[in-house]
1. Which whole-number percent is the relative contact order of segment 90-195 (Cα, under 8 Å, 6+ apart)?
2. So between THR17 and THR189, what do we pick up on full extension, going 0.36 nm a residue minus the alpha carbon distance?
3. Divide, for segment 10-68, the radius of gyration over alpha carbons by 2.2 N^0.38 Å, where N is the residue count.
4. What nm distance separates the two modelled labels at SER288 and VAL176, each placed 7 Å from Cα along Cα→Cβ?
5. Rounded if a/c is under 1.5, else prolate if a/b is larger than b/c, else oblate: which is segment 206-312, with a ≥ b ≥ c the root eigenvalues of its Cα gyration tensor?
6. What spacing in nm lies between the two simple spin-label points modelled at ARG98 and ARG69, each 7 Å away from Cα in the Cβ direction?
7. Excluding PHE18 itself, what net charge comes from residues whose Cβ is under 15 Å from its Cβ, given Lys and Arg +1 and Asp and Glu -1?
8. Which distance in nm do the two modelled labels at ARG43 and ALA309 give, with both placed 7 Å along the Cα-to-Cβ direction?
Amino acid sequence: MVRHHQDVPERTSRLPTFPIRQIALDIDGTLVGDDLIIGPRTRAAITAAMARDVSVSLVTGRMVSSAMRFATELGLTAPVVGYQGGLIREMTPPGSTRLGKLLVHLPLPADVARDIVAWTIDSGLDPHVNHLERFILRRGDPNAGDYSAFMGAPAEFLDDLRSISHPVTKVLAVGVPPAPVDIAPTARTAFDGRADVTISHPKYLEFVAPGVSKGRAVRYLARRLGIPLSATLAIGDQWNDLEMLAEVGHGAAMPSAPVGVKAVARYVAPPVEDEGVATMIQSLVLASPREARATAERLADEAVQARIARIA
């Protein structure tokens with residue numbers, strides 16, 4: 001078993017089926033690299049998949065409003081998942097400046113959020129609070145400008161985040177690597193039954209409501225559309241993608257993913273610099289059924305051989 005966010009099997013027992021009818025994509029480190037630019041092959045592959053009536057959703061740890069710039073650029077119509085699955089919204093119609101209808105919101109209670117903020121401060125981390133489309137920092141945070149630019153929205157400020165008086169969607173604690181990863185098991189024990197803990201980046205330790213995960217979100221999307229999870233392709237690169245990759249028939253980890261994340265994935269995609277998302281869609285979604293099955297078998301065998309080589 002891989003023990004990081006939740007216990008999940010090393011390999012999904014869900015056999016992959018074709019044709020693939022749903023795609024779930026992480027954003028940072030998967031869809032885009034540090035430059036935040038979606039490559040032309042990726043845009044073309046996603047457009048072609050949607051033309052074949054394949055549902056494409058972004059499934060991210062970001063705020064939905066922050067993810068919308070990518071969803072809009074791609075012309076997506078399926079719901080957008082934010083905060084590791086803690087919030088799901090319908091996609092807005094073309095040209096609209098309003099956020100889509102709220103479909104799912106699973107927040108942390110205020111008292112739990114306050115305890116998390118206090119615990120992370122005592123542990124030497126710098127907490128931020130996210131609620132719906134708001135992100136709240138401590139007043140005087142020297143990195144506020146960088147965070148606002150990354151999120152695409154201005155931050156709000158409080159003198160003391162321990163004064164939070166309402167439920168919040170997520171608490172994110174920033175630290176210098178490898179501190180967030182090293183402290184994650186302790187955080188998991190400290191908030192067992194009160195919050196789930198995951199890593200979205202070596203610098204980010206994240207707390208969400210119990211049971212919230214990208215895997216749960218993808219189950220919701222598939223059930224909503226009547227699409228089998230066995231016919232779903234999910235691609236991600238970090239610990240917060242683990243449940244999503246294990247849940248579907250076609251889970252693909254980016255080559256930069258931690259070993260434990262690769263262990264639950266059926267495939268390993270090419271790197272983001274080579275537009276790995278485009279390659280996976282072209283090979284498994286847009287190819288003929290015979291070619292897609294042959295490629296899937298080859299990629300799965302390559303992933304198994306890579307795991308064996310690591311063990312050896």
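1. Numbers: 126 pairs, mean separation 34.3, N = 106.
Relative contact order here is 32 percent.
2. Details: separation 172, 0.36 × 172 = 61.92 nm, distance 3.74 nm.
The span from THR17 to THR189 would gain 58.2 nm if fully extended.
3. On the way: Rg = 13.3 Å, N = 59, 2.2 N^0.38 = 10.4 Å.
Dividing the Cα Rg of segment 10-68 by 2.2 N^0.38 Å gives 1.29.
4. 5.8 nm
5. Values: a/c = 1.80, a/b = 1.14, b/c = 1.57.
Since a/c reaches 1.5 but b/c is at least a/b, the shape of segment 206-312 is classed as oblate.
6. 2.4 nm
7. Numbers: positive: ARG14, ARG21, ARG52, ARG266, ARG290, ARG293, ARG298; negative: ASP53, GLU291, GLU297.
Value of the local net charge: +4.
8. Between ARG43 and ALA309, the simple spin-label model gives 3.5 nm.
The values are calculated or read from the model by the stated rules, or taken from the named source; none is laboratory data. Note that this is a predicted model, so its numbers are computed, not measured. Don't worry about glycine lacking a Cβ; one is built from the backbone with ideal geometry, like all the others, and counts go over all protein chains shown. Ligands, DNA and RNA are excluded from the accessible area calculation, which covers all protein heavy atoms including side chains. Shrake-Rupley method; radii C 1.70, N 1.55, O 1.52, S 1.80 Å.
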